[in-house]
Amino acid sequence: MLLEGKKALVTGSSRGIGRATALAFAREGADLVIHYRRQQADAERVADEVRALGREAHVFKAELESADDVNALFDHIGDIWGSLDIFMANAAASAFKPLLEIQPHHIDRTYQLLVANFILSAQRVVPLMEGRTGRIITLTGHGVHYTLPRYGNIASAKAAVETLTRYWAAELGPRQITVNAIAPGVIGTESEQFYMGDKLEQFDQACIEATPLRRVGRADEVADVAVFLASALSRFVTGQVLTVDGGLTLTSGPFQQVFGQ
Ligand SMILES: NC(=O)c1ccc[n+]([C@@H]2O[C@H](COP(=O)([O-])OP(=O)(O)OC[C@H]3O[C@@H](n4cnc5c(N)ncnc54)[C@H](OP(=O)(O)O)[C@@H]3O)[C@@H](O)[C@H]2O)c1
């Protein structure tokens, strides 16, 4: 097993990519803190699945837009384990609107959750990783380098997370902590459904046609890359962004539409 005896926190692990990653880490031998914001029953179910795999699971609720809750989460980890090997900053949410309709509270909430929280969390993680080969993993996305409709607010925050990934990697390298990001393409989760609304089916079909691997991705396919980044297999990799998109970003819409692949 690749993560035997490791202690891991995955934020937003009640569903989607976070849930898949928590389960993949547990299958590789890690104990988990399952974090959620609203869906306690979902989080408890994931914890039960982790326990069924023979690993330890703790469930913790935290509103990660609040610095007090972020601190409470890491205080809790200090109390139960006193250390941490793997931290995956996965939780995200945003209003999907054109930039012209974005209000100050949308900016504040998204930047608090994604940017401020990542800085605060990593500050709290470092002492817990003291003397261990720590792994920090963040999630960025397609929208950082390509403009997606109604995605500007969250994409700009993700761009900051990507930059922070490199800065944290440089700062934490001497402590033997690696910091890397995963950039998923289109992955079939609840957030994709929320973002696409009644256009989901039409959008998925267009993605399938534009993706060299000819399908939408699954949460477990992102989770497998997270296992690589969390394990010793990636020990000399830091400050990098790994794209997991079936090749979607390799193609250019109009050319493929007219000439095929
Ligand atoms: N799905 C994709 O196609 C895709 C593409 C690119 C990047 N990503 C990135 O991958 C990550 C996971 O995506 P996903 O699709 O799995 O997301 P998801 O299904 O929407 O799950 C989001 C998770 O974050 C938690 N969360 C949201 N707001 C929170 C807050 N304010 N405080 C604490 N927890 C909060 C949610 O908890 P509750 O359920 O309890 O509210 C949930 O567990 C995100 O960073 C996302 O931006 C996804």
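Here are a few things to note about the model shown:
- Residue match in segment 137-151 (condition: under 17 Å from the mean Cα position of the chain (by Cα), crowded, with 22+ Cβ neighbours inside 10 Å, closer than 18 Å to residue 177 by Cβ and not hydrophobic (A, V, I, L, M, F, W, C)): yes
- Unique residue being more than 29 Å from residue 220 (Cβ to Cβ) and modelled with pLDDT of 95 or more when the list is 90, 71: 71
- Residue that is farthest from the ligand (Cβ to nearest atom), among those in segment 32-73 that are of a type in the set (Gly, Ala, Ser) and more than 19 Å from residue 120 (Cα to Cα): 54
- Residue in segment 230-239 that is within 14 Å of the ligand (Cβ to nearest atom), of a type in the set (A, V, I, L, M, F, W, C) and out of contact with any Phe, Trp or Tyr (no Cβ under 6 Å at 6 or more places or on another chain) present: no
- Any hit, segment 14-29, residues being without any contact (Cβ under 8 Å) to a residue 24 or more places away in the chain and within 11 Å of the ligand (Cβ to nearest atom): no
- Selection of segment 242-256 for residues being in contact (Cβ under 8 Å) with a residue 24 or more places away in the chain and either touching a strand residue (DSSP E or B) at 6+ places or on another chain (Cβ under 7 Å) or not β-branched (Val, Ile, Thr) (or both) yields 242, 243, 244, 245, 246, 247, 248, 249, 250, 253, 256.
- Residue list for segment 50-68, filter: in contact with a strand residue (DSSP E or B) (Cβ under 8 Å, 6 or more places away or on another chain) and assigned to a helix (DSSP H, G or I): 50, 51
- Condition met for residue 85 (within 21 Å of residue 25 (Cα to Cα), within 11 Å of the ligand (Cβ to nearest atom), in contact with a helix residue (DSSP H, G or I) (Cβ under 9 Å, 6 or more places away or on another chain) and of a type in the set (Asp, Glu)): no
- Residue match in segment 98-108 (condition: within 24 Å of residue 21 (Cα to Cα) and in a helix (DSSP H, G or I)): no
- Residue 111 vs. criteria within 16 Å of the ligand (Cβ to nearest atom), modelled with pLDDT of 95 or more and among the aromatic types (Phe, Trp, Tyr): yes
- Test result for residue 114, in contact with a helix residue (DSSP H, G or I) (Cβ under 7 Å, 6 or more places away or on another chain), assigned to a helix (DSSP H, G or I) and either of a type in the set (Gly, Ala, Ser) or on the phi < 0 side of the Ramachandran plot (or both): yes
- Any hit, segment 174-195, residues being more than 16 Å from the ligand (Cβ to nearest atom), more than 30 Å from residue 234 (Cα to Cα) and modelled with pLDDT under 95: no
- In segment 182-197, the residues that are crowded, with 19+ Cβ neighbours inside 10 Å form no Cβ pair under 9 Å with any partner that is in a loop (DSSP other than H, G, I, E, B) and modelled with pLDDT under 90, whether six or more places apart or across chains.
- Candidate set: segment 158-173, residues that are of a type in the set (A, V, I, L, M) and buried (at least 16 other Cβ atoms within 10 Å of the Cβ); chosen: the one nearest to the ligand (Cβ to nearest atom): 161
- With respect to being more than 13 Å from the ligand (Cβ to nearest atom) and part of a helix (DSSP H, G or I), residue 4 falls outside the description.
- Contacts under 9 angstrom Cβ, first residue in segment 108-124 being without any contact (Cβ under 8 Å) to a residue 40 or more places away in the chain, partner within 12 Å of the ligand (Cβ to nearest atom), 6 or more apart: 108/65
The values are calculated or read from the model by the stated rules, or taken from the named source; none is laboratory data. Model, not experiment: these values are computed from the prediction. Because the Cβ atoms are built from the backbone with ideal geometry, glycine has one as well, and the counts that use them run over all protein chains shown.
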